[in-house]
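*Asks:* Before I ask anything, let me first share the structure, which is written out below as structure tokens.
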Amino acid sequence: MHALFDLSGKRALITGSSQGIGLALAHALASSGAHVIINGRDAAKCERAAAQIAATGAVASVRTFDVTDHANTQAHIDAIERDIGAIDILVNNTGIQIRNAFVDFPLADFQRLMDTNVTSAFAVSQAVVRHMATRGRGKIVNVCSVNAELGRASIVPYTTTKGALKMLTKGMSVELAKLGIQVNGLGPGYFDTELTQALVQNAEFTGWLKQRTPAGRWGNVGELKGAIIFLAAPASDFVNGHILYVDGGMTAGV
């Protein structure tokens, strides 16, 4: 493995990593030598995910906690630092989607989206940076979306959260770069996961997606592997505040 992409000896916390894109990102970082820390609210799912990674010969731990429980976030991060070791890489992946027409969208659901998709990334990052800053190094990757750039009917609050996460990434990068911490974003396009199966199986939507995406297809989560390794590895030591879109060209065209 080229030294620029070698994560041996590094520990990576990936929030919301018991399935889908988060689990794919954990597998990717583990494949480059990182000790990955699986996080989620469902202990059984987290244990299964960690077992999958361990079966490849990599090292995986589990920390089950709800990142939207902000009062306990610092305690959980402190416990990881004490019991497992320094968090060298943080991937803020936790996110949810709620679809509804704008005029009918309940305010409570809007707030839930903000708490889950944005505030959790702020709170977890803040807790982790308090440790990273003392070491003078660290990598933070916020999982954004093409919807940070592109709107679509029925998901106005979701696009709002992803736009906010993009700007959180940029703001953090400006303030934390001098501390030796690189903060960047990973912007997936439309990927075939457990959470998108209803759309994948919707012939009308999939037809639209194939026309809208220059690559002409849904993404495979394995195609995020190179991007997350780059953003977490020494190869990106002078990359700050960048959103790396992995979207088959969707954000490049009209």
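*Asks:* Between Gly163, Gly171, Gly151, Gly136, which is open to solvent by less than 50 Å² (accessible area, probe 1.4 Å), free of Cβ contacts under 8 Å to residues at least 12 places away in the same chain and either β-branched (Val, Ile, Thr) or farther than 20 Å from Ile14 by Cα (or both)?
*Replies:* One residue alone meets the criteria, Gly171.
*Asks:* On to the next question. Residues in the range 32-60 that are over 20 Å from Gly222 (Cβ atoms) and polar (S, T, N, Q): how many?
*Replies:* 1
*Asks:* Has the range 239-252 got any residue that is in contact (Cβ under 8 Å) with a residue 12 or more places away in the chain, open to solvent by 60 Å² or more (accessible area, probe 1.4 Å), in contact with a Phe, Trp or Tyr (Cβ under 9 Å, 6 or more places away or on another chain) and of a type outside the set (Phe, Trp, Tyr)?
*Replies:* Yes - at least one qualifying residue is present in the range 239-252.
*Asks:* List the helices (runs of 4 or more DSSP H) inside the range 143-220, counting only whole elements, that have at least 2 residues being at pLDDT 95 or above and of a type in the set (S, T, N, Q).
*Replies:* Per the criteria, 156-176, 203-212.
*Asks:* Does the range 94-115 contain any residue that is in contact (Cβ under 8 Å) with a residue 60 or more places away in the chain and buried (at least 21 other Cβ atoms within 10 Å of the Cβ)?
*Replies:* Yes, that holds for at least one residue.
*Asks:* Next question, about the same structure. Return the pairs, sorted by first residue and then second, in which the second residue is among the charged types (D, E, K, R) and open to solvent by 10 Å² or more (accessible area, probe 1.4 Å), the first residue lies in the range 19-40 and is in contact (Cβ under 8 Å) with a residue 24 or more places away in the chain and on the phi > 0 side of the Ramachandran plot, the beta carbons are less than 7 Å apart, and the residues are 6+ apart or on different chains.
*Replies:* From residues that are in contact (Cβ under 8 Å) with a residue 24 or more places away in the chain and on the phi > 0 side of the Ramachandran plot, the pairs are Gly20/Glu194; Gly33/Asp6.
*Asks:* Please report, ordered by residue number, the helices (runs of 4 or more DSSP H) entirely within the range 1-119 with at least 2 residues that are at pLDDT below 95.
*Replies:* Passing ranges, in order: 70-83.
The values are calculated or read from the model by the stated rules, or taken from the named source; none is laboratory data. Given the structure is predicted, the values throughout are model-derived calculations rather than measurements. Don't worry about glycine lacking a Cβ; one is built from the backbone with ideal geometry, like all the others, and counts go over all protein chains shown. Protein only, heavy atoms only, side chains kept; ligands, DNA and RNA dropped before computing areas. Shrake-Rupley method; radii C 1.70, N 1.55, O 1.52, S 1.80 Å.
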